[in-house]
Structure formats: C-alpha cells, structure tokens
Amino acid sequence: MGHGLSEAATMGRLRTAVRTLADLELPPDEIMSHLNDTIGELGEDSYATCLYALYDSTDGRCSIVSAGHPPPAVVRPDGSVHFLDTVSDPPLGTADPPFRTTELTIPEESLLVFYTDGLVESSVRPIDQGQAELARLLSTTSKKDLAWLSDQLVATLLPSGQPTADDSALLIAQVHALPADRIASWSLPNEPQAAGQARGYVRSQLADWGLEELTMTTELLASELVGNVVRYAKGPMRLRLLRGKELICEVSDGSLTMPRIRHASETDEGGRGLQLVAALSQRWGTRYTVTGKWIWTVQPLAKSAASDTIEFDLDSVAPL
C-alpha cells in the first residue's frame, strides 16, 4: 500500500518470497501465512493485498486464498460470467493466520480473471458498479485472443485521460484439464514387491503412449520412489503417470516426512536413491496433501511426443 521507491522495493521482496515459497509447493494458506510473517518483519507501516490461486489440471479443482483482494471472475465456456464466492482475509501485515482457503471446481476451458480494485473502483465509480461493468464486458467481448481481450478491458475500464488514484493490474488465465487418457494411476501395496509392480505398470503404460524410449529411466525412477516409501514412510501408496508437455511420475504415501538427499559414504548400503532420482530427472520435488504427500519427477518429452499436448493460455496487463 502506498507509492514510491520504498513500496516498490517491498513488492520486489514479496515477489521473491512468493516464488521461493511456491517452489516448496506448500498449501496456499501456508504460503500466505509465511508472506504475512515476511511483511510483518518489514515494519509496522508495511501492508499488501495478495491473492494466491492454485489450479489442478488433473481434476479441475482450484484453491484460492485472498488477503484483501476482490474475488476473481470466472467466464464459463457458455459465456456466462460470475464472481467467485471467496472468503477474504485482511491484507498482509494486518491479518491473523491461519488464512482461509476457498476450494471449488472450475469448468474446463473457462477463463479465470484476476484484477486489483484499482481496475474497477474509483472516486466516481463504486467497486460493485465496476465489477458489474467488468462482467458485462467479459460477457460481450470476444475471448479468442486474450491479449486483445485484456487491452479492451483496460481501455474501457480505465479510459485514456481519466485520472486514477490507485495502481491497476489484470491477469487472465484460460484453464485446461488434462484429458483422462493422459492420466494413469494405480494403487500399490506397502511392501517390497510394490517396486516390481510399479515397474510393470510403467512399462505397459509407456508402451501404450508410444514413449518406449523413456521406459528404462521411468522404471528406475518409479522403483526408487516406491522403495523410499516402503523403507521410510507408510501407506497407502499410489503411483501416477501424467503425460502433458512433460512426463510426470508421482508416488504418494501417507507420511508427512520430508525426503532429503544425503551424501552416502562408500560403505553405506543405502542413501543413494534420491541422488539417482535427482540425476535421472529434469527436476523433482514434494507436494503435501491433507493425508500425506506426493513425490514427483519430471522428464522432458521429445518434440514429436509433446507437439499435441495442452498448453496454458495466459496473458497479463499491468498499467499504472
């Protein structure tokens, strides 16, 4: 809140914090709590509004946490527009965690429209009137080109020459669900034989997808992840393969323990599994859930295999 070099520097620090926390794949409410602590350390006069949304392309669910932001708008494929009924907590720096999360399912191919109050509210236009105008524009303006749509919304809501007292930002995202035939999932027993079963599932599924060249590496990754669960975690255990722009191999378990890479000595019998995972995958990480966690790996696909995969259409405009 406010304008000037100090406020710009504060936003830069918060943006870095958001990216760092997002890479840790913490739940949205925990990310917001950490941000609240961060801005609290900057001084009593530091405040910021924030909205964090997480979309899961495997089931269409969207988790949203808001700290003082207006609710996003959703444009359904049939053209209808409505504002999400989200629960908003106070701005960062004044909020008292825990933050509340709104979870809902977004229809495939819908548009998610995020905006700051500076886009829809002014001294001559209350926020509800501005939201109504935004909804009207979203329902009547072509949505084939999101960059063009963004320009039209900004030009209409913030006409040239009209004085503004607040910064305005607009972000439009079109969501795409991962097709069911790009998702394969199996339950596994929490016993050593599960590693062999996982290799068999991987071998069969990659053959069906025509990705035989990734079979050996993916088998090894799945085997190491399953073995890690059997040895250090607890069930229930599940293996999942996701074929999008990349190949993702995931193994879930019922434990909240953090998997960590350690440097095994020459005489150690174990401790090298996650070293292999890190070496064989493009990247890997851990995503926590209410009941446990997913450990995932990513492998790049050849251009021919990735050419028909889905892509997210995202565009943003932030006029000052």
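Where a number appears in this text, it was derived from the coordinates with a stated rule and is not lab data. Everything numeric here is computed off the predicted structure, so don't read it as measured data. We place every Cβ from the backbone using ideal geometry, glycine too, and count neighbours over all the protein chains shown.
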query: How big is D for region 180-306, in µm² s⁻¹ as a whole number, if Stokes-Einstein is applied with the Kirkwood radius of its Cα pairs at 4 °C and 1.567 mPa s?
result: 88
- request: Could you work out the local net charge near V81, counting Lys and Arg as +1, Asp and Glu as -1, over the other residues with Cβ closer than 15 Å to its Cβ?
  value: -2
statement: If one compares the long axis through the Cα atoms of helix 127-140 with the longest principal axis of the Cα atoms of the chain, the angle in degrees, nearest 10, works out at 70
query: What 222 nm value per residue comes from the helices of the chain, counting each DSSP H run with n ≥ 4 as -39,500 (n - 2.57) and dividing by all residues, nearest 500 deg cm²/dmol?
result: -10500 deg cm²/dmol
query: Residues with beta-carbon under 12 Å from that of T102, excluding T102: net charge, scoring Lys, Arg +1 and Asp, Glu -1?
result: -2
- prompt: Given Cα pairs under 8 Å that are at least 6 residues apart, what percent is the relative contact order of the chain?
  reply: 15
field: Rg/Rh for region 55-148, where both radii come from Cα atoms and Rh is the Kirkwood radius
entry: 0.99
message: Within the chain, which is the longest segment that contains none of the GluC sites (Glu not before Pro) sitting in a DSSP loop with at most 10 other Cβ atoms within 10 Å?
response: 45-265
query: Local charge sum around L51 (other residues, Cβ-Cβ under 15 Å, Lys/Arg +1, Asp/Glu -1)?
result: -4
³J(HN,Hα), Karplus 6.51/-1.76/1.60, whole Hz, each residue of region 245-250, x for Gly, Pro: 5, 9, 9, 10, 10, 10
- prompt: What are the ³J(HN,Hα) values, in whole Hz, obtained from phi via the Karplus relation 6.51 cos²θ - 1.76 cosθ + 1.60 with θ = phi - 60°, for each residue of region 142-154 in sequence order, with x given for Gly and Pro?
  reply: 4, 10, 5, 10, 5, 5, 5, 4, 4, 4, 5, 5, 5
query: Under 13 Å from the 7 Å Cα→Cβ point of A9, by amide nitrogen: which residues of region 29-51?
result: 42-43
message: Bin width 10 Å, origin at 0, all Cα-Cα pairs of region 5-177: what percent of pairs per bin?
response: 9, 35, 36, 19, 1
statement: For the S204, R287 Cβ pair and Förster radius 35 Å, calculated FRET efficiency rounded to 0.05 is 0.90
query: Based only on Cα atoms, what Rg/Rh ratio does the chain have, Rh being taken as Kirkwood's radius?
result: 1.03
- line: Phi angles of region 54-65, converted by Karplus (6.51 cos²θ - 1.76 cosθ + 1.60, θ = phi - 60°) into ³J(HN,Hα) in whole Hz with x for Gly and Pro, give 10, 10, 9, 6, 7, 9, x, 7, 10, 10, 10, 10
- request: Enter the angle in degrees (range 0 to 90, nearest 10) between the Cα long axis of helix 215-232 and the first principal axis of the Cα atoms of the chain, meaning the one along which they spread out most.
  value: 90
Separation in nanometres of the label points that stand 7 Å from Cα toward Cβ, at A22 and S185: 2.5
- line: With DSSP loop assignment and no more than 11 other C-beta atoms within 10 Å, the trypsin sites (Lys or Arg not before Pro) in region 90-179 are K144
- line: Projecting the Cα atoms of S252, V175, T289 onto the charge dipole of the chain, where Lys and Arg contribute +1 and Asp and Glu -1 at Cβ, the residue farthest towards the positive end is S252
